[in-house]
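Here the structure comes first, spelled out in structure tokens, and everything after it is commentary.
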Ligand SMILES: Nc1ncnc2c1ncn2[C@@H]1O[C@H](COP(=O)(O)OP(=O)(O)OP(=O)(O)O)[C@@H](O)[C@H]1O
Ligand SMILES: [Mg+2]
């Protein structure tokens with residue numbers, strides 16, 4: 001799917017309030033990657049990839065934008081923390097592992113797709129095995145068992161929880177960590193040691209899952225999967241490097257920590273520039289992978305990055321602090337807004353939450369005030385306030401009553417916090 005920048009922005013608008021500049025920037029970057037990939041090799045190689053660095057305070061949507069973007073375009077996506085890496089030669093994770101992680105994600109995506117494709121083919125085999133097992137169960141108690149009726153029973157969903165004994169492959173071998181790289185001994189010896197079957201007891205529901213996996217693994221050509229996955233990661237992968245500001249030491253590098261941070265920046269450079277990273281699935285070229293870096297940049301500035309790296313992140317967007325108007329919108333308009341989330345959850349327990357407009361105003365104002373007077377958490381503040389507002393309802397809803405409407409208005413919110421305040425004050429006096 002190749003969205004135009006406008007389409008990308010309008011999709012992002014469904015989830016993210018404000019931050020128009022950042023949305024535009026990521027939309028353009030994504031499209032530019034597509035544009036570049038369509039050019040003949042001679043022209044293409046002259047154009048350096050245009051990666052993005054987003055700066056802005058905490059909780060204003062940096063990570064959320066990247067995550068939504070990846071979901072939207074169905075790209076393999078990984079989010080990594082820059083602080084997790086250490087310079088090559090030191091103990092710890094090397095930066096190339098972010099590419100290996102991306103490939104893992106791509107492999108999983110391709111495999112899942114293939115599995116769906118072959119499901120129709122393998123389902124009859126799986127059901128046959130389950131019916132065999134059900135047959136063994138019934139033979140113990142019934143004199144006459146009919147496979148036909150067992151199939152019907154299976155399809156009716158009546159015996160999902162029945163425990164059956166099926167023969168399944170032994171679980172994969174444990175992973176062994178060697179110098180930070182995970183190498184699966186299981187896959188190393190694939191094809192060498194014969195895989196062993198083992199009889200296991202499990203519910204019909206679980207057996208279907210396990211057998212489906214086994215049977216589809218048999219017919220899915222893993223070489224193809226790996227190849228497709230690498231292509232997917234190379235052409236559509238997005239790597240989101242969070243906390244990039246934390247690996248930018250202040251200029252005069254004197255301590256070893258600063259030296260090693262700069263080392264990490266240097267290690268990142270070739271990956272962002274385009275290089276080949278070996279993975280257990282094959283070599284991955286990083287030329288078209290889109291990198292989005294983000295950080296709060298409180299202490300260090302983007303300009304403190306080593307110049308070569310700065311050059312690879314030419315698109316810079318600053319995300320704005322959110323206002324109380326933004327907060328109000330965030331509370332109610334996005335598809336996954338917190339108020340919607342709580343409503344859906346509490347409906348399970350027969351509570352119909354109704355948020356009055358003035359309640360949203362109150363919460364938004366409160367969030368802004370709290371962010372100003374104590375730590376600025378951005379939109380994350382809304383989550384903590386909402387949790388408190390609905391604590392009482394959440395605790396008392398049992399589902400054993402008929403559907404109840406609970407109206408949350410400004411007074412409700414105020415009362416919750418007035419009580420809190422009093423409890424708090426009380427504690428002070430008891431001391
Ligand atoms: N502009 C926004 N629109 C909608 N929701 C938002 C917005 N900004 C933040 N949120 C909500 O706040 C939460 C935190 O946002 P996010 O993870 O994007 O923060 P961040 O900018 O990456 O901060 P940090 O620097 O701490 O990583 C998200 O789960 C999201 O629901
Ligand atoms: Mg973040």
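The values are calculated or read from the model by the stated rules, or taken from the named source; none is laboratory data. Here the structure is a predicted model, which means the values were calculated and not measured. Cβ coordinates were reconstructed from backbone atoms using ideal geometry, including for glycine residues, and neighbour counts include every protein chain displayed.
For the criterion of being touching a strand residue (DSSP E or B) at 6+ places or on another chain (Cβ under 7 Å), more than 14 Å from ligand 2 (Cβ to nearest atom), assigned by TED's automatic domain parsing to the domain that holds residue 217 and modelled with pLDDT of 90 or more, residue 130 passes. If you go through the range 133-146 and pick out every residue that is surrounded by fewer than 16 Cβ atoms within 10 Å (Cβ to Cβ) and in contact with a strand residue (DSSP E or B) (Cβ under 8 Å, 6 or more places away or on another chain), you end up with 1.
The number of residues in the range 45-59 that are surrounded by 20 or more Cβ atoms within 10 Å (Cβ to Cβ) and either under 19 Å from residue 245 (Cα atoms) or within 16 Å of ligand 2 (Cβ to nearest atom) (or both) comes to 7.
Return yes or no: is residue 103 surrounded by 13 or more Cβ atoms within 10 Å (Cβ to Cβ) and at pLDDT 90 or above? Yes. Checked against (1) closer than 17 Å to residue 224 by Cβ; (2) at pLDDT below 90, residue 138 passes all but condition (1). Residue pairs whose Cβ atoms lie under 6 Å apart, sitting 6 or more positions apart in sequence or on different chains, and linking a residue in the range 25-44 that is in contact (Cβ under 8 Å) with a residue 24 or more places away in the chain to a partner that is in a loop (DSSP other than H, G, I, E, B) and loosely packed, with under 14 Cβ neighbours inside 10 Å, are 34/2; 36/47. When we screen 321, 343, 275, 300 for residues that are free of Cβ contacts under 8 Å to residues at least 24 places away in the same chain and over 30 Å from residue 106 (Cα atoms), the only hit is 343.
From the residues in the range 70-90 that are farther than 23 Å from residue 4 by Cα and free of Cβ contacts under 8 Å to residues at least 24 places away in the same chain, which one is surrounded by the fewest Cβ atoms within 10 Å (Cβ to Cβ)? Walk me through how you get there before you give the answer.
Here is the first cut: in the range 70-90, the residues farther than 23 Å from residue 4 by Cα are 79-90.
Filter once more, so that each one left must be free of Cβ contacts under 8 Å to residues at least 24 places away in the same chain: 84, 89.
Values: 84: 16, 89: 10.
Once the filter is applied, the top-ranked residue is 89.
For the range 45-64, the set of residues classified as under 16 Å from residue 27 (Cβ atoms) and without any contact (Cβ under 8 Å) to a residue 60 or more places away in the chain consists of 64 only.
On the given criteria, is residue 272 under 20 Å from residue 80 (Cα atoms), within 16 Å of ligand 2 (Cβ to nearest atom), modelled with pLDDT of 90 or more and in contact with a strand residue (DSSP E or B) (Cβ under 6 Å, 6 or more places away or on another chain)? Considered against the rule, which asks whether it is under 20 Å from residue 80 (Cα atoms), within 16 Å of ligand 2 (Cβ to nearest atom), modelled with pLDDT of 90 or more and in contact with a strand residue (DSSP E or B) (Cβ under 6 Å, 6 or more places away or on another chain), residue 272 comes out as no.
Hey, among 93, 67, which residue is within 12 Å of ligand 2 (Cβ to nearest atom) and either in the same structural domain as residue 372 (by TED's automatic domain parsing) or touching a residue at least 60 places away in the same chain (Cβ under 8 Å) (or both)?
Details: 93 fails: within 12 Å of ligand 2 (Cβ to nearest atom).
Result: 67 is the single residue among 93, 67 that is within 12 Å of ligand 2 (Cβ to nearest atom) and either in the same structural domain as residue 372 (by TED's automatic domain parsing) or touching a residue at least 60 places away in the same chain (Cβ under 8 Å) (or both).
Considering (1) modelled with pLDDT under 90; (2) more than 18 Å from residue 416 (Cβ to Cβ); (3) in contact with a helix residue (DSSP H, G or I) (Cβ under 7 Å, 6 or more places away or on another chain), the lone condition that residue 398 does not fulfil carries the number (3). Candidates 330, 363: the one that is at pLDDT 90 or above, surrounded by 11 or more Cβ atoms within 10 Å (Cβ to Cβ) and within 16 Å of ligand 2 (Cβ to nearest atom) is 330. Here the strands (runs of 3 or more DSSP E) wholly within the range 147-232 that include at least 1 residues being crowded, with 16+ Cβ neighbours inside 10 Å and at pLDDT 80 or above are 163-169, 197-203.
Each row is one residue, and each column tells you yes or no for (1) surrounded by 17 or more Cβ atoms within 10 Å (Cβ to Cβ); (2) part of a helix (DSSP H, G or I); (3) within 10 Å of ligand 1 (Cβ to nearest atom).
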site: 11; (1), (2), (3): yes, yes, no
site: 15; (1), (2), (3): yes, no, yes
site: 18; (1), (2), (3): yes, no, yes
site: 21; (1), (2), (3): no, yes, no
site: 25; (1), (2), (3): yes, yes, no
site: 43; (1), (2), (3): no, yes, no
site: 66; (1), (2), (3): yes, yes, yes
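Inside the range 370-388, can you point out the residues that are closer than 16 Å to residue 57 by Cα and either more than 16 Å from ligand 2 (Cβ to nearest atom) or free of Cβ contacts under 8 Å to residues at least 12 places away in the same chain (or both)?
Taking the range 370-388 first, the residues closer than 16 Å to residue 57 by Cα are 370-382.
Listed by number, the residues that qualify are 370, 371, 372, 373, 374, 375.
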